[in-house]
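Have a look at the structure below before the remarks.
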Amino acid sequence: MRKPVVREIEAKSILNPSKIHDYCINPYTGCGVGCVYCYAAQFMRRYSGHSEPWGEFVDVKVNAPALLAKQIVRAKRGTIWIASVCDPYQPLENRYGVTRRLLEVLVGRDFPVEIQTKSARVRRDLDLIRRIPRVAIGFTIATEDETMARLFEPHASPVGERIEVLREFKAAGIATFAFAGPLLPGNPERLAALLSKAADRVLIDRMNYVPAVKRFYASHGLLDALEDSFFRTQSTRLARALRTRGIRVKTVF
């Protein structure tokens, strides 16, 4: 994957309605993590006007913190999801720090916040996150198999590091969750064992955009992992192993 094309832009809105939670905040348009299965890849190029492949463009919303400070005072209280169509801790966060500055705006506000990422960079912001009264930290963890994770999520943190950071946040008294979606090939029982001391709850989802990724799966001999039977079997095994360990589970597909 090539180095992404980066643009600095002025967003018109940053606190937007969401179908998953009340609001979503996306500090960036595009994502340098470049996950093969990302649903945002199906529409974000058209939305953003970019011609580059998914994972090879990122627009940095440089005015996002100031814009949030204006919007939040007029907004009705509701849960904010960071982020819905990008990873808020993708590599460019090291350079721009947009997500951190957004969290600074949210400190002291009476808005529940859910942060979802694949990056251990979230560890940097523990000092701010623990000052948000109703906050949850989640990692997308679709397999325990590091080789499989690198194949599908080329610029995400290793699975083991994601688990380690989740444990650190849990130890700090912060609610944690894992999003096991889309389920990738691996061993559900081993994944459950890894999550047992890291996640308070787990959401399980399937690959919902089969035509868009079928060629990639086929090129790696993984077509069986797109079958309904794969998801039924894997999700059942994972849910059973998690519940045995006392972890709350929700299957969303």
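The values are calculated or read from the model by the stated rules, or taken from the named source; none is laboratory data. Owing to the predicted nature of the structure, the values given are computational and were not obtained by experimental measurement. Note that we place each Cβ from the backbone using ideal geometry, even for glycine, and neighbour counts take in every protein chain shown. Quick note on the areas: whole protein, heavy atoms, side chains included, nothing else; ligands and nucleic acids left out. Shrake-Rupley method; radii C 1.70, N 1.55, O 1.52, S 1.80 Å.
Results, tabulated for the structure shown:
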{"quantity": "Check on Ser48, more than 26 Å from Ala149 (Cβ to Cβ), modelled with pLDDT under 90 and among the small types (Gly, Ala, Ser)", "calculated": "yes"}
{"quantity": "Options Gly97, Gly55; residue that is within 20 Å of the chain's Cα centre (by Cα), on the phi > 0 side of the Ramachandran plot, surrounded by fewer than 22 Cβ atoms within 10 Å (Cβ to Cβ) and at pLDDT 95 or above", "calculated": "Gly97"}
{"quantity": "Total residues in segment 161-207, condition within 29 Å of Ser229 (Cβ to Cβ) and among the small types (Gly, Ala, Ser)", "calculated": "9"}
{"quantity": "Those residues of segment 194-253 which are under 20 Å from the mean Cα position of the chain (by Cα), open to solvent by 90 Å² or more (accessible area, probe 1.4 Å) and without any contact (Cβ under 8 Å) to a residue 40 or more places away in the chain, in sequence order", "calculated": "Lys197"}
{"quantity": "Selected residue (only one of Pro65, Pro91 is out of contact with any Pro (no Cβ under 6 Å at 6 or more places or on another chain) and assigned to a loop (DSSP other than H, G, I, E, B))", "calculated": "Pro91"}
{"quantity": "The listed residue being free of Cβ contacts under 8 Å to residues at least 12 places away in the same chain and small (Gly, Ala, Ser), out of Ala171, Ala136, Ala142", "calculated": "Ala171"}
{"quantity": "Test: residue in segment 70-80 that is assigned to a strand (DSSP E or B) and not small (Gly, Ala, Ser)", "calculated": "yes"}
{"quantity": "Of the criteria (1) modelled with pLDDT of 95 or more; (2) of a type in the set (A, V, I, L, M); (3) assigned to a loop (DSSP other than H, G, I, E, B), which one Val33 fails", "calculated": "(1)"}
{"quantity": "Qualifying residue in segment 147-154 (condition: closer than 15 Å to Lys118 by Cβ, of a type outside the set (A, V, I, L, M, F, W, C) and surrounded by fewer than 23 Cβ atoms within 10 Å (Cβ to Cβ))", "calculated": "yes"}
{"quantity": "Where a residue in segment 85-96 is more than 13 Å from Ser157 (Cβ to Cβ) and without any contact (Cβ under 8 Å) to a residue 60 or more places away in the chain and its partner, wherever it lies, is of a type in the set (A, V, I, L, M, F, W, C) and buried (at least 24 other Cβ atoms within 10 Å of the Cβ), with Cβ under 7 Å and at least six apart", "calculated": "none"}
{"quantity": "Output for segment 163-177, where each listed residue is under 17 Å from Ala192 (Cβ atoms) and either among the polar types (S, T, N, Q) or open to solvent by less than 10 Å² (accessible area, probe 1.4 Å) (or both)", "calculated": "Ile163, Leu166, Thr176, Phe177"}
{"quantity": "Those helices (runs of 4 or more DSSP H) lying entirely in segment 102-188 with at least 1 residues modelled with pLDDT of 95 or more and within 21 Å of Cys31 (Cα to Cα)", "calculated": "146-152, 159-171"}
{"quantity": "Residues that are among the basic types (Lys, Arg) and more than 19 Å from Ile80 (Cβ to Cβ), drawn from segment 1-33", "calculated": "Arg2, Lys3, Arg7"}
